[in-house]
1. Checking residue 195 against (1) modelled with pLDDT of 90 or more; (2) in contact with a helix residue (DSSP H, G or I) (Cβ under 7 Å, 6 or more places away or on another chain), which single condition isn't satisfied?
2. Out of (1) crowded, with 20+ Cβ neighbours inside 10 Å; (2) under 30 Å from residue 368 (Cα atoms); (3) in contact with a strand residue (DSSP E or B) (Cβ under 6 Å, 6 or more places away or on another chain), the odd one out for residue 92 is which?
3. Of the residues in the stretch 236-252, how many are without any contact (Cβ under 8 Å) to a residue 60 or more places away in the chain and assigned to a helix (DSSP H, G or I)?
4. Hey, any hits in the stretch 377-384 for a residue that's surrounded by fewer than 20 Cβ atoms within 10 Å (Cβ to Cβ), farther than 23 Å from residue 397 by Cβ and without any contact (Cβ under 8 Å) to a residue 12 or more places away in the chain?
5. Given the structure, is residue 223 over 22 Å from residue 104 (Cα atoms) and touching a residue at least 40 places away in the same chain (Cβ under 8 Å)?
6. Would you mind finding the one in 240, 261 that is surrounded by fewer than 17 Cβ atoms within 10 Å (Cβ to Cβ), under 30 Å from residue 399 (Cβ atoms) and touching a helix residue (DSSP H, G or I) at 6+ places or on another chain (Cβ under 6 Å)?
7. Any idea which residue in the stretch 201-230 is nearest to the chain's Cα centre (by Cα), counting only those that are in a loop (DSSP other than H, G, I, E, B) and surrounded by fewer than 21 Cβ atoms within 10 Å (Cβ to Cβ)?
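The values are calculated or read from the model by the stated rules, or taken from the named source; none is laboratory data. If you're wondering where the values come from, they're calculated on a predicted model, not measured in any experiment. Methodologically, a virtual Cβ is constructed for each residue, glycine included, from the backbone with ideal geometry; neighbour enumeration extends over all protein chains shown.
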C-alpha cells in the first residue's frame, strides 16, 4: 500500500482481512498503519525505492493511494517491470491531474457538467469576472459635470461610472456623491473605495479551480465578485499552488445536493461502490475554507437504485469509454463527485483514486474481500466480481489540527486511543500521525500528531443517527492539544430529515 493517510489506513485494514493476504506493507504509513500492518520507510514519490522493495519482497500486488504518484506514472513504471499494481496509468490519471483535460473530455463525451471557461492569465480571468452582469443604475449627486443616469450592465461598466463621477477633476464643488440603485434600493457613497466595495459584494455564482493537483485545496466556491477576484490572485498571481495554477477554470456554480460515487473498473466492466457524502468546509454549517474533507457518511438516501443506474449510464460508462477512445484505457477506481441538480446529476470533478474520507465510510460497510476485487480489476476480470454490503450506515468524523487547512503545529501527543479501540463498531483510522520517541533511552514511542487531518473516527450504527452518535462518542474521548472537529457531520441524512 503506497501512502500515509486515513484512506491508506482504511485500505490496509480492509486488505489485511483477506484470507489470501499473508503480509501487508504500507509505504510509508503512519502510527495507525503500524498497529495493523507493517510500515516501510519509503515515501510515495520514491518510485525507484518502491520498485526495488516490491521486487525484493516478491510483492503480489501494489495498491496506490494518493493521486500524485499516479499522475507521475508509477503504474507505468511497475507494469514495465512486470509487477502487478492497482491504479490507472499516467495518461489516464490526467483525468484528475488536469481539470481542463477532464472538462474538455466531458464536453466531448456529452457528460453533464457545469459550463466553464479556461484562462491562462490572471488579467484575462479578472476581465471575465468583471464582465459578469450586475445590472446596477449609477447616478451622480451634488454638483458634478455628469448629470445623467448610467445604466450599467456589468461590474466593469459600474466601476468606470463610479470613477467618472467621483473623479476630482470632474467635480465643480465639494460634496459630490454617487448613488447606486439595485432593484429599487438606493445607496449613496462618498468615495470610490466604498462604492467599489459595494459592487464587489454583489452575489455571484462561480467556482474557480486550479488546473493541476492541489491536494484537494485548489477549488474556490465564490459567493461574490470580491471572492472570485481574490481566488484569481491566489491561484494565478501569488501562485500558491505552483504550476497547478498555470491554467484556471471558471465555471458556473451548480445548486443541489452533493454526493460521491466511486466505482471499480477494468476498462470494460464497472462495479459501483456504495454512495457517500463528504464535508469539504472546515467548520460547522459549511463555513470556513475548503479542506481535504472533514467527515463523511454512507449511504446517501437520495442516491436511489434508479439514480445509481442513471449515474452509471450517463456518467461512468461514457467517461470510461471516452478514455478508451482517447487511447487512455482506465483500470482502477474512478471517483465521481456529483451535484444532484433539478436537471439531474452533474459532475463536479473526477478523481482517479479512492476518495478521502469517503473510502473510510464505504470500506467500513464492505463485507466482500477487497483484495479479490482489486485483483480482478488488475487482471481484467471484474465481470466475475459482485460486492456484498453491510446495510448499516457509517459515519466518519475527522479530527484536525488547530489552524488546518492553513498553518498548524505538529508533535502533539494523542491521548486515550486505547479506550476508543475497545468500542464496538468503531474504528479510528489514522491520517496525520507518527510515532515519536521521548528523550532518553528506553522511552516508549508515543503517538503524536503529524498532519492537518489527524484522525478519522469511523463508526457503524443500525441507523444513521446511531452511527453518528457512536462516532462522536469516540471523537470526544480522543484528545490532543488544539484538536478540533465539525459537530454537524451527518446531522441530516441528505433528505432534509434529522
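1. Against the list (1) modelled with pLDDT of 90 or more; (2) in contact with a helix residue (DSSP H, G or I) (Cβ under 7 Å, 6 or more places away or on another chain), residue 195 comes up short only on (1).
2. Only one criterion is unmet by residue 92, namely (3).
3. Residues flagged as without any contact (Cβ under 8 Å) to a residue 60 or more places away in the chain and assigned to a helix (DSSP H, G or I) within the stretch 236-252 amount to 4.
4. yes
5. No.
6. Residue meeting the stated conditions: 240.
7. Here the answer is 216.
Each row is one residue, and each column tells you yes or no for (1) within 18 Å of the chain's Cα centre (by Cα); (2) surrounded by fewer than 23 Cβ atoms within 10 Å (Cβ to Cβ); (3) not assigned by TED's automatic domain parsing to the domain that holds residue 66.
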position: 251; (1), (2), (3): yes, yes, yes
position: 271; (1), (2), (3): no, yes, yes
position: 278; (1), (2), (3): yes, no, yes
position: 302; (1), (2), (3): no, yes, yes
position: 310; (1), (2), (3): no, yes, yes
position: 317; (1), (2), (3): no, yes, yes
position: 326; (1), (2), (3): no, yes, yes
position: 329; (1), (2), (3): no, yes, yes
position: 332; (1), (2), (3): no, no, yes
